[in-house]
1. Regarding region 268-278, can at least one residue be identified that is in a helix (DSSP H, G or I) and under 26 Å from SER255 (Cα atoms)?
2. Every residue in region 129-161 that is in a helix (DSSP H, G or I) and acidic (Asp, Glu), please.
3. Being over 18 Å from the mean Cα position of the chain (by Cα) and either buried (at least 20 other Cβ atoms within 10 Å of the Cβ) or assigned by TED's automatic domain parsing to the domain that holds PRO378 (or both) is the filter; apply it to region 161-178 and report the residue that is nearest to LEU135 (Cα to Cα).
4. Among the residues that make up region 62-71, is at least one of them closer than 18 Å to VAL281 by Cα, assigned by TED's automatic domain parsing to the domain that holds GLU278 and in contact (Cβ under 8 Å) with a residue 12 or more places away in the chain?
5. Being surrounded by fewer than 22 Cβ atoms within 10 Å (Cβ to Cβ), outside the structural domain of THR380 (by TED's automatic domain parsing), under 23 Å from ASN46 (Cβ atoms) and not hydrophobic (A, V, I, L, M, F, W, C) is true for just one of GLN156, GLN195, GLN214. Which residue is that?
6. Every residue in region 8-61 that is under 23 Å from ALA394 (Cα atoms), buried (at least 16 other Cβ atoms within 10 Å of the Cβ), in contact with a Leu (Cβ under 8 Å, 6 or more places away or on another chain) and of a type outside the set (Phe, Trp, Tyr), please.
7. Could you tell me which numbered condition VAL78 fails, if it satisfies all but one of (1) over 16 Å from ALA297 (Cβ atoms); (2) without any contact (Cβ under 8 Å) to a residue 60 or more places away in the chain?
Amino acid sequence: MPFTELQNDLNERAAQGLLRQRRTLDGPQAPHIVVDGKPYLSFCSNDYLGLANHPRLIAALQQGTRQWGVGAGAAHLVSGHSAAHHQLEQALAAFVNKPAALLFSTGYMANLGTVQALVGKGDTVFADKLNHASLNDAMLLSRAEAKRYRHNDIAQLAALLEQTKTGRKLVITDAVFSMDGDLAPLPELLALCEQHDAWLLVDDAHGFGVLGEQGRGSLFNFKSPLPPFDKGGVSTRAPVSPPFSRRGAGGDLNSPRIIYMATLGKAAGVFGAFVAAEQTVTDTLINHARSYVYTTATPPALSSAVLESLDLIGQGDALREHLRKLIVQLRNGLAGLPWKLMQSDTAIQPLLVGDNQQALELSAKLRERGIWVAAIRPPTVPQGTARLRITLSAAHSAADVARLIEALHELAQ
């Protein structure tokens, strides 16, 4: 029976310490949560700024629901594209300093649709070996030739680009690598793309809202100062012009070759994703990105909540500074443990354990102490690099981080 084969596979995964299981939260996302009826201090969430349960976002979603209803009712290209979607796209494009933006249901859908729309047979995709699964799947489904380079290895990428003489060329990379927490060398990647006439697709799921000036994302780690973001009266009632024009100062990652993707369910605290790029690129996606064309639009009320989130992100320097201090506190506090923190200056702080079962046991012992940190194992990470993936939020307190540090030191003994 096919069911027997499936169960045997699940049993084998369990024996290897690789079986995944869900846990159920009994309330909203927060540092202190209830899971399966038990209270925990959580270091598992991507809610980096603590906005997922923010009262202003709740109020904006309630108002958006009263105005727009619940469901979009159709795909964007049929009758599901509302003024709420349109206004959010304008605000997102302005926020990341791009000419146009396009909403997608999820980051996974955005990556699938973008890569498949831009390249195909006869073209080549160049991918960092530690890219997110969505970029890997997009690359394979595009039917373009796939060439993977060692993690952040600019020299190897340069050699691969030099060998490729025909077809479109697309370099795809995470900006913040989701399991390691380190950054892609975006200026060097862009320089190679300029040299070899390639596009650069940047997945900034874990940088948007957290990194760069006013939280505008990883590209803005390298930008000269821009005017403060002001959503300029953007509401769900009438379209507005972008609040500032594009800048092109030397060293800025403002190249038209960059195609920028970010998610709206992590630091932004809501749901969805967007791609920002040149107008020609977004028009191409509207016509050829299958994960955009053939799916129902997101509920328009979510756009109302994201607009409010953009305002909070733009004004969130104090949140980002608090988060930075928590990162320093954690890294200093965990020095000297038998498990080493991987190099990361972001909210993602992986504690390298190595063995799958040991990682699971360490996670379980923390849960016994009321602390929830997920164990990450292959195939999500390479063999022999199982880890605890500690994620910090601006909603954590210094006391929360101190409690985690104390627990890990106790377990190390």
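1. no
2. Correct list: ASP137 only.
3. Initially, region 161-178 is screened for residues over 18 Å from the mean Cα position of the chain (by Cα), giving 161-170.
Applying the additional criterion that residues be either buried (at least 20 other Cβ atoms within 10 Å of the Cβ) or assigned by TED's automatic domain parsing to the domain that holds PRO378 (or both) yields 161, 169-170.
Values: LEU161: 19, LYS169: 15, LEU170: 12 Å.
Checked region 161-178; the qualifying residue nearest to LEU135 (Cα to Cα) is LEU170.
4. Initial filter on region 62-71 (closer than 18 Å to VAL281 by Cα): none.
No, there is no match, as no residue in region 62-71 is closer than 18 Å to VAL281 by Cα, assigned by TED's automatic domain parsing to the domain that holds GLU278 and in contact (Cβ under 8 Å) with a residue 12 or more places away in the chain.
5. Being surrounded by fewer than 22 Cβ atoms within 10 Å (Cβ to Cβ), outside the structural domain of THR380 (by TED's automatic domain parsing), under 23 Å from ASN46 (Cβ atoms) and not hydrophobic (A, V, I, L, M, F, W, C) holds for just one of GLN156, GLN195, GLN214, which is GLN214.
6. PRO31, ILE33, VAL35, LEU41, LEU49, GLY50, LEU51, HIS54, LEU57, ALA60, LEU61
7. (1)
So that you can scan it fast, the table gives a plain yes or no per residue for (1) modelled with pLDDT of 95 or more; (2) among the hydroxyl-bearing types (Ser, Thr, Tyr):
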| site | (1), (2) |
| --- | --- |
| GLU368 | yes, no |
| PRO382 | no, no |
| THR385 | no, yes |
| ILE390 | yes, no |
| VAL401 | yes, no |
| ILE405 | yes, no |
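The values are calculated or read from the model by the stated rules, or taken from the named source; none is laboratory data. Everything quoted here is computed from the prediction, not taken from an experiment. All Cβ positions, glycine included, derive from the backbone under ideal geometry; neighbour counts span all protein chains shown.
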